[in-house]
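These notes concern the structure reproduced below.
Each reported figure results from applying straightforward, stated rules to the coordinates on display, with no laboratory input. Note that the coordinates shown come from a computational prediction; the quantities given were computed from them, not determined experimentally. All Cβ positions, even for glycine, are placed from backbone atoms using ideal geometry, and neighbour counts span all protein chains on display.
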Amino acid sequence: MSAPRTLYDKIWDDHVVSTDDTGTCLLYIDRHLVHEVTSPQAFEGLRMAGRKVRAPEKTLAVVDHNVPTTPDRHIGIKNEESRVQVEALAQNAKDFGVEYYSEKDKRQGIVHIVGPEQGFTLPGMTIVCGDSHTSTHGAFGALAHGIGTSEVEHVLATQTLVQKKAKNMLVRVDGQLPEGVTAKDIILAIIGEIGTAGGTGHVIEFAGEAIRSLSMEGRMTVCNMTIEGGARAGLIAPDETTFDYIKDKPRAPKGKAWDMALDYWKTLHSDEGAHYDRVVVLDAANLPPIVSWGSSPEDVISVEGVVPNPDDIQDENKRTSKWRALDYMGLKPGTKITDIAIDRVFIGSCTNGRIEDLRAAAKVVEGRKVAASVSAMIVPGSGIVKEQAEAEGLDKIFKEAGFEWREPGCSMCLAMNDDRLKPGERCASTSNRNFEGRQGYKGRTHLVSPAMAAAAAIAGHFVDIRTWK
Ligand SMILES: CC(C)[C@H](C(=O)O)[C@@H](O)C(=O)O
Ligand code: SF4
């Protein structure tokens, strides 16, 4: 009998084309997602070498980072650099025969929301994109890597990627999540626990009752932020929740092909006794709603807590860097998290821009008003999410409360388009990165779940969603 294997081992083994003496492998790539930021030079490289895209039918291109999200976006992009990138992707997709969703297409949205929603992302596949949050697709039990622009070119040309195998890490979240605590809180707590380098050199498999109980949307939120914990990729074994989600998606296998796919997908789980190089266990029942206080996704604390004092940190470099983070954030140690007032709220991004996220926010917002001191916006992750939300009347709830209701895109997750913070502005954000300048020059980001962001918009400061009335 062969040795027990993890889910990662299985997908890896199924895709190795060749291995050299140093253990470096050539991996076959099943799906390639392309956006406008990391692809222009890759296509240019192909053009100069006179090469074609090897498998256009396994490639899907969509604009997301640079597109405006205002209702008048059809008039075009003012920013020259953004406009050039978007136009380049449209042209490259046409020249190389790759399917492309422009900002005028209902299927357009953030690449990591579009892939799953179209059934382009399927269990057991290797999936790449020139984007770090490609880890999102691991929620389907797919091995999903972010890659650099030169690798984008390599995959376009050959449908393979040069890779060394990573180690196996298991993060098990036992028990049940308390009311008001979400997938976002799980992953923020995990990163708080292991640190931003905690997953370095590993692929993390998420397992345990709390993970199993999550919807696909929640699982995508968890896998999305795996990269912020330093891991190469995140994985969750597919199950009935996964199969139900995929079933009627446009590109999902149909008929006999579906039955065959399902037989294979059911083998995609770690074997009993499979070896993990590292195991971390958390108890979901102990998790509170979480708020980030600093400029790294590991700087997290319970909403019931206070801003920590960096002087309590032993390591000098770390102590200095956390003092710097507090200075940047304009916060003092000992301040209660619920006393922090905010100026802006951003609900969206590939972390929390899916329908379930908008439903969670709407539930909090219904019949209430955004605080006079706050400007808040909702940016659906795709045109399909937007359409669904409108069919459910969520847009009305948001607009009546005083939120802006936008067109899909990366928006204020990163300052690559017109949506950005002004210097000094403080934002409750459902995105994944709170780096300095991430949402705009000198902008201050606090990472939270959609329900927590929505509640902060109403209250004007952070509140504990579990006890807030
Ligand atoms: C622009 C892109 C390359 C980048 C990434 O790789 O993640 C962006 O999506 C981000 O979230 O910072
Ligand atoms: S939404 Fe944010 S994290 Fe996701 S791909 Fe866009 S910029 Fe990157």
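Considering the options GLY195, VAL155, TRP12, tell which one lies farthest towards the positive end of the dipole of the chain, charges being +1 on Lys and Arg and -1 on Asp and Glu at the Cβ, about the Cα centre.
VAL155
With r as the distance between the Cβ atoms of GLU387 and LYS256 and R0 = 25 Å, compute the FRET efficiency 1/(1 + (r/R0)^6) and round to 0.05. Kindly include the intermediate steps, with their values, before the conclusion.
Details: r = 31 Å, r/R0 = 1.23.
Taking R0 as 25 Å, the efficiency between LYS256 and GLU387 is 0.20.
What Rg and what Dmax come out for region 290-459 when only alpha-carbon atoms are used, in angstroms?
Every Cα atom of region 290-459 included, Rg and Dmax give 15.9, 54 Å.
Restricting things to Cα coordinates, could you compute the convex hull volume per residue of region 1-158 in Å³? Working shown, then result.
Working: hull volume 19.8 nm³, N = 158.
Spelled out: Cα convex hull of region 1-158, divided by residues, is 125 Å³.
Among all the aspartates and glutamates, which ones have a C-alpha under 15 Å from LYS318's C-alpha, if same-chain residues fewer than 8 places away are not counted?
Reachable aspartates and glutamates: GLU298, ASP299, ASP327.
Note the full-extension length gain between ASP339 and ASP312 as 0.36 nm times their separation in residues minus their Cα-Cα distance, in nm to one decimal. Walk me through the numbers on the way to the answer.
Values: separation 27, 0.36 × 27 = 9.72 nm, distance 2.18 nm.
Between ASP339 and ASP312, full extension yields 7.5 nm more.
Could you work out the relative contact order of the chain? I mean the mean sequence separation of Cα pairs under 8 Å and 6+ apart, divided by the number of residues, in percent.
On the way: 1124 pairs, mean separation 81.6, N = 469.
Computed value for the chain: 17 percent relative contact order.
Highest first, please rank the peptides 286-294, 94-102, 6-14 by the mean number of other Cβ atoms sitting within 10 Å of their residues. If you can, show how the numbers build up before the last one.
Working: 286-294: 22.4, 94-102: 16.6, 6-14: 20.6.
Per-residue Cβ counts within 10 Å, averaged per peptide and sorted highest first, yield 286-294, 6-14, 94-102.
Using a simple charge model, +1 on the beta-carbon of Lys and Arg, -1 on the beta-carbon of Asp and Glu, nothing else, what dipole does region 290-459 show about its Cα centre, in debye to the nearest 20?
Numbers: 23 positive and 24 negative charges, 55 e Å.
Computed about the Cα centre, the dipole is about 260 debye.
Once you charge only the Cβ atoms, +1 for Lys and Arg and -1 for Asp and Glu, what is the size of the charge dipole of the chain about its Cα centre, to the nearest 20 debye?
Details: 55 positive and 65 negative charges, 139 e Å.
So the magnitude is around 660 debye.
Calculate the dipole size of region 1-156 relative to its Cα centre from +1 charges on Lys and Arg beta carbons and -1 charges on Asp and Glu beta carbons; express the result in debye to the nearest 20. Numbers along the way, then the final one.
Working: 15 positive and 22 negative charges, 74 e Å.
It comes to approximately 360 debye.
Give me the lysines in straight-line cross-link reach of LYS256: C-alpha distance below 27 Å, same-chain residues under 8 apart excluded.
LYS10, LYS58, LYS247, LYS266
Could you give each residue of region 125-140 its phi-based ³J(HN,Hα) in whole Hz, using Karplus coefficients 6.51, -1.76, 1.60 with θ = phi - 60°, and x for Gly or Pro?
7, 9, 10, 10, 7, x, 6, 5, 7, 4, 3, 3, 5, x, 4, 9
Just need the relative contact order of region 272-408 here, percent rounded to a whole number, with Cα pairs under 8 Å and 6+ apart.
In percent, rounded to a whole number, it is 18.
Projecting each Cα onto the charge dipole of the chain (Lys/Arg +1, Asp/Glu -1 at the beta carbon, about the Cα centre), which of TYR245, PRO288, ILE110 comes out farthest on the positive side?
ILE110
For the chain, which DSSP H helices look membrane-span-like by this rule: Cα extent along the axis of 30 Å or more and mean Kyte-Doolittle of at least 0.5?
Numbers: long enough: none.
Helix filter hits for the chain: none.
Sorted from largest to smallest, which semi-axis lengths in Å does the alpha carbon gyration tensor of the chain give for its equivalent ellipsoid, taking the root of 5 times each eigenvalue?
33, 27, 22
Hey, can you rank 439-449, 239-249, 149-159 by average C-beta count inside 10 Å, highest first?
Working: 439-449: 24.2, 239-249: 15.5, 149-159: 19.9.
Packing proxy ranking, top to bottom: 439-449, 149-159, 239-249.
Show which lysines lie in cross-link reach of LYS399 when reach means a straight Cα distance below 29 angstrom and same-chain residues fewer than eight apart are skipped.
Output for LYS399: LYS78, LYS104, LYS106, LYS184, LYS363, LYS369, LYS386, LYS422, LYS442, LYS469.
Of all DSSP beta bridges located in the chain, what percent are antiparallel, nearest 5? It would help to have the intermediate numbers written out before the result.
Details: 14 of 55 bridges.
Beta bridges within the chain, antiparallel portion: roughly 25 percent.
SER375's amide H: which non-local residues (gap 5+, or another chain) put their own amide H closer than 5 Å, with H modeled 1.01 Å from N in plane and none for Pro or chain starts?
It is ARG344, VAL345, by chain and number.
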